[in-house]
Amino acid sequence: MSNSLKAILKIALPLLLGGVLVWYSLQKVPLSTLADYFKNANYLWIGLGVFFGFLSHISRAYRWKFMIEPMGYTLRFPNSIMAVFAAYLINYTIPRAGEVSRATILTNYEGVPFEKGFGTIVAERVADTLVMLIIIGITFIIEFDVIYNFFFADLNFKKQWWVLASFVIVACFIYLIFKKGTHPIINKLKTLFKGFLEGVLSIFKMKKKWAFIAHTIFIWGMYVLMFYVTSFSIDATSELPFSAILIGFIAASFSIAATNGGIGSYPLAVYAAFSIFNVAQAPSLAFGWIMWTSQTVMIIILGGLSLVSLPIYNKICPKR
């Protein structure tokens with residue numbers, strides 16, 4: 001397969017999948033029904049959710065400064081903000097292209113070598129992944145009974161032991177493969193895991209590590225809050241327990257990686273998570289669409305303004 005064909009598939013397949021999922025979602029709940037939910041939603045809560053999302057992005061832009069400074073560069077805050085929003089917008093067109101464009105913006109307007117700027121973005125992702133794993137762990141502990149009963153309620157005691165035994169056997173098998181395996185794919189996975197671990201440990205070696213950690217916690221706190229407060233915009237989701245919101249948030253977060261910016265996949269992921277708590281199909285999908293649309297509109301507006309403003313700002317205020 002040629003490189004050009006691979007590049008086309010990387011762009012086309014997520015967009016195609018997103019289109020299929022949008023169509024599937026609208027088969028589940030008609031567009032007219034979704035329109036009614038949008039019409040009757042409480043936009044005060046939606047606006048507050050957008051505000052929390054905005055704060056998380058601003059904090060991410062500021063946190064970036066802590067990673068750039070140890071390399072001997074000074075990142076101007078306006079450029080950092082515009083680079084972050086522009087990257088989010090570009091990710092809606094080409095998967096993961098936003099990260100490349102963000103590092104490119106840093107090179108063009110701040111003079112930071114591309115590989116160094118891109119390295120800081122990868123390190124950021126490591127920190128974010130670690131926080132996401134912590135959130136998943138906390139949610140699993142809080143809602144263990146609900147999750148277990150949903151997936152294993154129909155298993156008898158004997159089968160439950162088989163499930164546990166199978167899990168242990170598979171875990172041991174995977175450990176042995178990683179411990180003894182020499183296959184190129186296994187070696188690559190080992191390298192990735194080692195890089196992830198080194199990335200986590202490097203955070204604690206930063207000069208302003210506690211400020212970085214505080215901003216990381218704040219960013220994810222805002223992510224969760226924007227999801228939580230937006231749930232009050234619809235009556236059917238306004239009384240969900242916070243632990244249910246966490247499960248919905250986790251599912252929605254993973255869906256963003258499936259398609260460009262979560263197009264189509266985001267509402268379906270929310271619906272799948274909320275079904276554990278017996279929330280009806282229509283309000284679950286409607287909430288997912290409201291949540292995704294409100295955040296996407298913000299990214300389109302601010303990302304578009306950022307792309308337009310970047311050359312203007314740097315022409316008026318050139319780096320010295």
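Of the residues Leu285, Leu240, Leu302, only one is out of contact with any Pro (no Cβ under 8 Å at 6 or more places or on another chain) and modelled with pLDDT of 90 or more; which?
Details: Leu285 fails: out of contact with any Pro (no Cβ under 8 Å at 6 or more places or on another chain); Leu240 fails: modelled with pLDDT of 90 or more.
Of the residues listed, the single one that is out of contact with any Pro (no Cβ under 8 Å at 6 or more places or on another chain) and modelled with pLDDT of 90 or more is Leu302.
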Legend entry - Residues (among the small types (Gly, Ala, Ser), surrounded by 22 or more Cβ atoms within 10 Å (Cβ to Cβ) and not in a helix (DSSP H, G or I)) located in the stretch 240-298: Gly264
Legend entry - Residue in the stretch 53-60 that is surrounded by fewer than 20 Cβ atoms within 10 Å (Cβ to Cβ) and closer than 14 Å to Leu307 by Cα present: no
Inset, instruction - Scan the stretch 190-212 and give yes if some residue there is of a type outside the set (S, T, N, Q), at pLDDT 90 or above and buried (at least 20 other Cβ atoms within 10 Å of the Cβ), otherwise no. - result: no
Inset, instruction - May I ask you to list the residues in the stretch 102-120 that are in a helix (DSSP H, G or I) and at pLDDT 85 or above? - result: Arg102, Ala103, Thr104, Ile105, Leu106, Thr107, Asn108, Tyr109, Glu110
Inset, instruction - Of all residues in the stretch 48-101, count the ones that are over 20 Å from the mean Cα position of the chain (by Cα) and modelled with pLDDT of 95 or more. - result: 0
Inset, instruction - Just give me the residues in the stretch 300-320 being hydrophobic (A, V, I, L, M, F, W, C) and part of a helix (DSSP H, G or I), in sequence order. - result: Ile300, Ile301, Leu302, Leu305, Leu307, Val308, Leu310, Ile312, Ile316
Inset, instruction - Report, by residue number, each residue of the stretch 71-95 that is part of a loop (DSSP other than H, G, I, E, B) and aromatic (Phe, Trp, Tyr). - result: Tyr73, Tyr92
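The values are calculated or read from the model by the stated rules, or taken from the named source; none is laboratory data. Note that this is a predicted model, so its numbers are computed, not measured. For neighbour counting, all protein chains shown are included, and Cβ atoms are generated from backbone atoms with ideal geometry for every residue, glycine included.
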